[in-house]
Amino acid sequence: MSERIVNHFKYGHGVVKQSRYKDFELLVQFQDGLTRWIRFDELEQTSPKPQIASLATSLPTPPISEAFKSRRMIEAFRLGIVPYDCVEDFTFGRQDETKELMDWLNSEENVLLLIGEYGTGKTHLQHHIYWRALQERFAVANVSMDPNEVPFHKPKRVYSHLIQTFRYYSNESKQNKEFRAFLKEVFIRGFFKDHLYFKYLIDKDTDETLWNWIEALESIIRPYTLNNLDYINLPGLYDYSNTVNIYCYLISALGWAAKEVLGLKGLLLIFDEAETIDILFSSPQSARARNFLKALILTTQNDEILFDNSRIVYCQRGIDCCLRGEGSKIPFIYKYPSGLKLLCAFTPINTLDQIDELRSNRRIYLESLNDTAFRKAFENICLLYENAYGNLKGILTIEKHFQDVMKHSKYTRSFVKSAVEVLDLIRLNQRDG
């Protein structure tokens, strides 16, 4: 069997060794000798896997590229999601919402709230705006909030996840690139020499230890070695909940550079499942979580208070930030303007009206899709499934099975998952029969 060769935007070329979760994640051995589990939609196939003969030999076999794309989408549908690069091909019944999202993206407004119940398609629309923003020449970063893994009261973790998903279109390479390439382009143009953190990577961009530090991949505040003190003078990346000024400073610098140095329109930050801030509502962590979200909103809006170096002023405004040590010297905003836009997805929660900075911002309310949109989605899933497996032609009654799925699926995510399950049963029953 020939090996599957894939390419990852960060790790380069590698060989697929294993798969799990129905091929949603692949174990890839990369050229650097390390083996990593990677989501399949983050990989590009550079050599096709061997084509397996279709059970329905009378049906024409689609080109391998089309079959591979269809299979990728079907495997993602099993989890109720759509691959990032396919989201524009699989959006139905959201013309008004997508238009409003694009109007906001190209407006002077900085903050937008996307509100809807679980399963109504908030994540899908965020993926949509993610790719549209890249096409519109924004840098983009997104994070799915989690009360345990990525909570709002842990600014360092939030920052680290944003860095890992950071993408922008490089005019130099004519490709979508990641965080490290972004900083290198800014360095080449002679900027960030005065940045309190990024300046340490100038002329040292081959130092993997420094990259791990600035990407907040380590739990320690700064790297160290046993034999020397090479990194002792680095400013700390603290894991305390009140160090919001440090991470707003870092993020705002990326937004400023995107707009003022690389000629992009700015940096779009997308926060999915932001309602997790409400899970901590009755605990001390809740105030810390709201504190970071508040600081990030004010940074995005270039609020004048953040240009005041007095920590007393911040406290009077209700912002808790680092008041001791070197962290107290870090401002919230690197330079004006921050170049940031902020999109937060919430379920309807009381917290939205209890945080002043959220109450006044623009909102899009997302309702469940209508039957017409669901039917178009189902027809498209059937077509993709046929391209992927080639086993449905002549045996599928679309209307009957569409109604079966609709009986048990009220929301978009569950509908997509149920549709694939129904098609799986049809295919397997045909094979067993």
_Conditions (1) of a type in the set (A, V, I, L, M, F, W, C); (2) assigned to a helix (DSSP H, G or I); (3) touching a helix residue (DSSP H, G or I) at 6+ places or on another chain (Cβ under 7 Å); (4) more than 28 Å from HIS8 (Cβ to Cβ): number failed by LEU210_ = (4)
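Looking only at the range 265-274, which residues are open to solvent by 10 Å² or more (accessible area, probe 1.4 Å) and either closer than 21 Å to LYS329 by Cα or not in a strand (DSSP E or B) (or both)? Spell out the reasoning first.
Restricting attention to the range 265-274, the residues satisfying the condition of being open to solvent by 10 Å² or more (accessible area, probe 1.4 Å) are 265, 272-273.
Scanning the range 265-274 gives LYS265, GLU273.
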*Those residues that are open to solvent by less than 10 Å² (accessible area, probe 1.4 Å), of a type outside the set (S, T, N, Q) and in contact with a strand residue (DSSP E or B) (Cβ under 8 Å, 6 or more places away or on another chain), I need them from the range 229-263; list them, please.*
ILE251, LEU254, GLY255, ALA258
*If we keep just the residues of the range 314-358 that are at pLDDT 90 or above and surrounded by fewer than 20 Cβ atoms within 10 Å (Cβ to Cβ), which is nearest to the chain's Cα centre (by Cα)?*
PRO337
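Please find, among GLU108, GLU117, the residue that is open to solvent by 20 Å² or more (accessible area, probe 1.4 Å), within 18 Å of THR300 (Cα to Cα) and either modelled with pLDDT of 90 or more or in contact with a Ser or Thr (Cβ under 9 Å, 6 or more places away or on another chain) (or both).
Numbers: GLU117 fails: within 18 Å of THR300 (Cα to Cα).
Being open to solvent by 20 Å² or more (accessible area, probe 1.4 Å), within 18 Å of THR300 (Cα to Cα) and either modelled with pLDDT of 90 or more or in contact with a Ser or Thr (Cβ under 9 Å, 6 or more places away or on another chain) (or both) holds for just one of GLU108, GLU117, which is GLU108.
Residue under question is HIS127, and the condition is that it be assigned to a helix (DSSP H, G or I) and open to solvent by 40 Å² or more (accessible area, probe 1.4 Å); does it hold? Write out each step before concluding.
Working: assigned to a helix (DSSP H, G or I): yes; open to solvent by 40 Å² or more (accessible area, probe 1.4 Å): no.
When the stated conditions are applied, HIS127 does not pass them.
Tell me, please, whether a residue that is at positive phi, at pLDDT below 85 and surrounded by fewer than 19 Cβ atoms within 10 Å (Cβ to Cβ) can be found in the range 367-389.
no
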*touching a strand residue (DSSP E or B) at 6+ places or on another chain (Cβ under 9 Å), more than 21 Å from GLU367 (Cα to Cα) and touching a residue at least 60 places away in the same chain (Cβ under 8 Å): does that describe ASN110?*
yes
*Name the pairs whose Cβ atoms lie under 6 Å apart, with the first residue in the range 407-419 and of a type in the set (D, E, K, R), the second open to solvent by less than 100 Å² (accessible area, probe 1.4 Å), and 6 or more positions between them or separate chains?*
ARG413/GLY80; ARG413/GLY119; LYS417/GLY80
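Checking the conditions here, which among ASN361, ASN309 is within 22 Å of ARG288 (Cα to Cα), of a type in the set (S, T, N, Q) and modelled with pLDDT of 85 or more? Outline the logic, then answer.
Values: ASN309 fails: modelled with pLDDT of 85 or more.
The unique qualifying residue is ASN361.
Picking from LYS199, LYS204, LYS193, LYS174, which residue would you name as being open to solvent by 50 Å² or more (accessible area, probe 1.4 Å), within 18 Å of GLY263 (Cβ to Cβ) and free of Cβ contacts under 8 Å to residues at least 40 places away in the same chain? Full working, then the answer.
Working: LYS199 fails: within 18 Å of GLY263 (Cβ to Cβ); LYS204 fails: within 18 Å of GLY263 (Cβ to Cβ); LYS193 fails: within 18 Å of GLY263 (Cβ to Cβ).
LYS174 is the lone residue from the list that is open to solvent by 50 Å² or more (accessible area, probe 1.4 Å), within 18 Å of GLY263 (Cβ to Cβ) and free of Cβ contacts under 8 Å to residues at least 40 places away in the same chain.
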_Among residues of the range 245-258, those that are touching a Ser or Thr at 6+ places or on another chain (Cβ under 9 Å) and farther than 20 Å from ARG189 by Cα, counted_ = 3
*Filter result for the condition that a residue is of a type outside the set (Asp, Glu), at pLDDT below 95 and open to solvent by less than 10 Å² (accessible area, probe 1.4 Å), over VAL150, VAL158*: VAL150
*For ARG189, all conditions in the list (1) more than 24 Å from the chain's Cα centre (by Cα); (2) modelled with pLDDT of 95 or more; (3) under 24 Å from LEU296 (Cβ atoms); (4) of a type in the set (Lys, Arg) hold save one; what is the number of the exception?*
(3)
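The values are calculated or read from the model by the stated rules, or taken from the named source; none is laboratory data. Owing to the predicted nature of the structure, the values given are computational and were not obtained by experimental measurement. With ideal geometry, Cβ positions are generated from the backbone for all residues, glycine too; neighbour counts draw on all protein chains shown. Protein only, heavy atoms only, side chains kept; ligands, DNA and RNA dropped before computing areas. Shrake-Rupley method; radii C 1.70, N 1.55, O 1.52, S 1.80 Å.
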